[in-house]
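S.K.: First, the structure itself, so that you have it in front of you.
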Amino acid sequence: MSGKHQRANRWHEEASCAPTGFVTSIRSPMTSEQLDAYIMGFRIAEITDQLRTNDLNHTSGTSTRCLSPTPEYDNAGRRTNSRKQRYRKQLERERESNWCRLL
């Protein structure tokens with residue numbers, strides 16, 4: 001088995017569920033403001049991790065999708081408003097608004 005490729009699975013030890021530096025179980029008492037700040041910081045780290053790893057597979061809870069907007073292209077002929085790019089912009093806006101609320 002030393003020369004064969006191992007299949008990846010969702011229970012792989014190296015895959016982490018929580019962003020670096022955050023724990024998912026809070027055992028110390030916190031005020032509601034501290035808890036809200038922790039949740040916003042956790043979400044900011046989660047979004048940053050998604051953007052850094054380019055994990056932009058957006059799956060919404062609804063089974064129907066909205067219609068795509070008309071395609072826009074840059075000077076080189078590449079599409080500038082694909083689904084992944086729109087989702088990336090949405091994540092960046094959410095991260096920025098969370099930073100503003102956190103400060």
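Every read-out reported here was derived from the displayed coordinates using simple, explicitly stated rules and does not represent laboratory data. All figures in this text were calculated on a predicted structure; none of them were measured in a lab.
S.K.: Calculate, in nm to one decimal, what Glu72 and Leu35 gain on full extension: separation in residues at 0.36 nm each, minus their alpha carbon distance. Spell out each step's value before the answer.
M.R.: Working: separation 37, 0.36 × 37 = 13.32 nm, distance 4.14 nm.
Residue separation times 0.36 nm, minus the Cα-Cα distance, leaves 9.2 nm.
S.K.: Short version: ³J(HN,Hα) in whole Hz for each residue of the range 95-103, in order, from phi by Karplus 6.51 cos²θ - 1.76 cosθ + 1.60 (θ = phi - 60°), x for Gly and Pro, what are they?
M.R.: 5, 5, 5, 5, 4, 5, 5, 5, 7
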